[in-house]
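**Q** Pasting a structure here, questions to come.
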Amino acid sequence: MTLHFRLEEHGAAQTVLFLHGFMGQAEDWQSVQAHLSGTFNLLAVDLPGHGKSLIPPETENELNAKLFFDLLNRLLERLAIRQLSVVGYSLGGRLALQWAVKYPQKVERLVLESVHPGLEREEARQERMQSDAALSARLAREGFDLPSFLQEWYAMPLFGKLREHAKFPELLQRRLQGDPRQWALALRAFSLGRQPALWNRLSDLPPTLVICGASDEKYRKIGGQMQKHHPELKLEIAAHCGHTVHFEAPRWFAEKIKHFLLPKEAE
C-alpha cells in the first residue's frame, strides 16, 4: 500500500508534517494550514485505513506501526525530505511520538495534540486491546449504523461542546464519507494497547510542544503528567476547547505552532 498525501510547497526553509486522528484524513488540517501557508512547506498524509490510504486485503494482517513508519520513510525519501517538524493529533500524535523516538534524526520539532504516551501496566494494555478489538468488530459489522455511531462518539466528555461548534456539521459530513471497515483495521493495528509506554523516553524527544483543551480533563491531566516527566516540554492549554483543539480554534492552534517552530529572529 501507499500513503495518500497533500503537499503545499512554498519554498520555505522548513517542512511540517501533519498526522490526523482516528476517522480523520489529511483535509482535517486545512483550517490550520490556511494560517500557515507561505510560512512552511505543508505536508499532510492520510493514515492507513483513512481517506485514500486504503489497506489492501493482502496487507490487513500485516498492518502495524512499523509498517506505517516504513511507508512514511519511503514517502519522505521520494519527496527528498530528510528532516521536518511533525504535528500529530490523538492517534496521529501517538504515531508521531513513536516515530520521533525511533527516528530522532528525522524530526526537528514535535507538536503533540491530545496525545497519550502509552499505558504502563500490562493489564491496562490488555484491557485496551480488548476494548479496541470489540469496537473494531462493531465497525466492521454488516449493516453498521455510522450516523448513530458518530453522534455517540462525539458525545463523549473529552470532546466538550464540539457538537455545538458552527462547523461541526462539516466535520460530521467528512466522517460520513469514511469507510468503517477500514477504520476497524486501523483501530486494531494502532490500538493504544499495542503502543509501548514512552513516558521514560520523553526526555529523548526533540523540542516538543504539547497542546490540550481545557475542557478535555483526561488529556489535560496527561499533558501535565508529561511535563512533570520532562519539564522541558512546553505545554499549552486552549481555553474553551475539548479534544479537537485544531478544529475548534484553528487560528490559535496555528499561531502556537508558528511561534514554536520558527526561529525567534524569523517571527
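Read-outs throughout are calculated quantities, based only on the coordinates presented, and are distinct from any laboratory measurement. Since we're looking at a predicted model, the values are computed, not measured. Glycine gets a Cβ as well: all are built from the backbone with ideal geometry, and neighbour counts include every protein chain shown.
**Q** Within the range 31-61, how many residues are of a type in the set (D, E, K, R), touching a residue at least 40 places away in the same chain (Cβ under 8 Å) and either more than 18 Å from Phe5 (Cβ to Cβ) or surrounded by fewer than 18 Cβ atoms within 10 Å (Cβ to Cβ) (or both)? Spell out how you get there, then give the answer.
**A** Here is the first cut: in the range 31-61, the residues of a type in the set (D, E, K, R) are 46, 52, 58, 60.
After this cut, where a residue has to be touching a residue at least 40 places away in the same chain (Cβ under 8 Å) as well, the list is 46, 52, 60.
If we keep only those that are either more than 18 Å from Phe5 (Cβ to Cβ) or surrounded by fewer than 18 Cβ atoms within 10 Å (Cβ to Cβ) (or both) as well, we get 52, 60.
Counting residues in the range 31-61 that are of a type in the set (D, E, K, R), touching a residue at least 40 places away in the same chain (Cβ under 8 Å) and either more than 18 Å from Phe5 (Cβ to Cβ) or surrounded by fewer than 18 Cβ atoms within 10 Å (Cβ to Cβ) (or both) gives 2.
**Q** Report the residue count in the range 47-68 for those that are part of a helix (DSSP H, G or I) and more than 18 Å from the chain's Cα centre (by Cα). So that I can check it myself, show each step before the final result.
**A** Pass one, the range 47-68, residues part of a helix (DSSP H, G or I): 57-59, 65-68.
Pick out the ones that are also more than 18 Å from the chain's Cα centre (by Cα) and you get 57-59.
Of the residues in that region, 3 qualify.
Let's see how each residue does on (1) of a type in the set (Gly, Ala, Ser); (2) more than 17 Å from Phe68 (Cβ to Cβ); (3) touching a residue at least 12 places away in the same chain (Cβ under 8 Å); (4) buried (at least 17 other Cβ atoms within 10 Å of the Cβ):
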residue: Arg94; (1), (2), (3), (4): no, no, yes, yes
residue: Trp99; (1), (2), (3), (4): no, no, yes, yes
residue: Tyr103; (1), (2), (3), (4): no, no, yes, no
residue: Glu113; (1), (2), (3), (4): no, yes, yes, yes
residue: Gln126; (1), (2), (3), (4): no, yes, yes, no
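**Q** Against the conditions (1) over 23 Å from Gly118 (Cα atoms); (2) in a helix (DSSP H, G or I), where does Leu71 fall short? Just the number, please.
**A** For Leu71, the exception is condition (1).
**Q** Sticking with this structure for a sec: So, in the range 218-267, how many residues would count as being aliphatic (A, V, I, L, M), under 21 Å from His116 (Cα atoms) and touching a residue at least 40 places away in the same chain (Cβ under 8 Å)?
**A** Total satisfying the criteria: 4.
**Q** Among the residues of the range 191-226 satisfying the criterion of being in a helix (DSSP H, G or I) and acidic (Asp, Glu), which is surrounded by the most Cβ atoms within 10 Å (Cβ to Cβ)? Steps first, answer last, please.
**A** Let us first name the residues in the range 191-226 that are in a helix (DSSP H, G or I), namely 192-194, 199-204, 217-226.
Next, only the ones that are acidic (Asp, Glu) stay: 204, 217.
Numbers: Asp204: 11, Glu217: 14.
Looking at the filtered set, the residue picked out is Glu217.
A quick yes/no check of all residues on (1) assigned to a helix (DSSP H, G or I); (2) under 17 Å from His246 (Cβ atoms); (3) under 14 Å from the mean Cα position of the chain (by Cα):
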| residue | (1), (2), (3) |
| --- | --- |
| His10 | no, no, no |
| Phe22 | no, yes, yes |
| Asp28 | yes, yes, yes |
| Ser31 | yes, yes, no |
| Ala44 | no, yes, yes |
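**Q** Based on what the data block shows, is Ala65 among the small types (Gly, Ala, Ser) and either in contact with a Lys or Arg (Cβ under 9 Å, 6 or more places away or on another chain) or under 19 Å from Gly178 (Cα atoms) (or both)?
**A** Values: among the small types (Gly, Ala, Ser): yes; either in contact with a Lys or Arg (Cβ under 9 Å, 6 or more places away or on another chain) or under 19 Å from Gly178 (Cα atoms) (or both): yes.
Yes, satisfied.
**Q** Can you name every residue in the range 167-190 that is part of a helix (DSSP H, G or I) and either hydroxyl-bearing (Ser, Thr, Tyr) or over 15 Å from Leu91 (Cβ atoms) (or both)?
**A** From the range 167-190, those part of a helix (DSSP H, G or I) are 168-176, 180-189; that's our starting set.
Residues satisfying the conditions are Phe168, Pro169, Glu170, Leu171, Leu172, Gln173, Arg174, Leu176, Pro180, Arg181.
**Q** Please find, among Leu162, Leu158, Leu198, Leu205, the residue that is touching a His at 6+ places or on another chain (Cβ under 6 Å) and more than 24 Å from Ser53 (Cα to Cα).
**A** Working: Leu162 fails: touching a His at 6+ places or on another chain (Cβ under 6 Å); Leu198 fails: touching a His at 6+ places or on another chain (Cβ under 6 Å); Leu205 fails: touching a His at 6+ places or on another chain (Cβ under 6 Å).
Selected residue: Leu158, the only one of Leu162, Leu158, Leu198, Leu205 that is touching a His at 6+ places or on another chain (Cβ under 6 Å) and more than 24 Å from Ser53 (Cα to Cα).
**Q** If I go through the range 158-168 residue by residue, how many of them are surrounded by fewer than 16 Cβ atoms within 10 Å (Cβ to Cβ) and either over 15 Å from Glu248 (Cβ atoms) or touching a strand residue (DSSP E or B) at 6+ places or on another chain (Cβ under 7 Å) (or both)?
**A** First pass over the range 158-168, keeping only residues surrounded by fewer than 16 Cβ atoms within 10 Å (Cβ to Cβ): 161, 163-164, 166-167.
With either over 15 Å from Glu248 (Cβ atoms) or touching a strand residue (DSSP E or B) at 6+ places or on another chain (Cβ under 7 Å) (or both) added as a condition, the list becomes none.
Within the range 158-168, residues that are surrounded by fewer than 16 Cβ atoms within 10 Å (Cβ to Cβ) and either over 15 Å from Glu248 (Cβ atoms) or touching a strand residue (DSSP E or B) at 6+ places or on another chain (Cβ under 7 Å) (or both) number 0.
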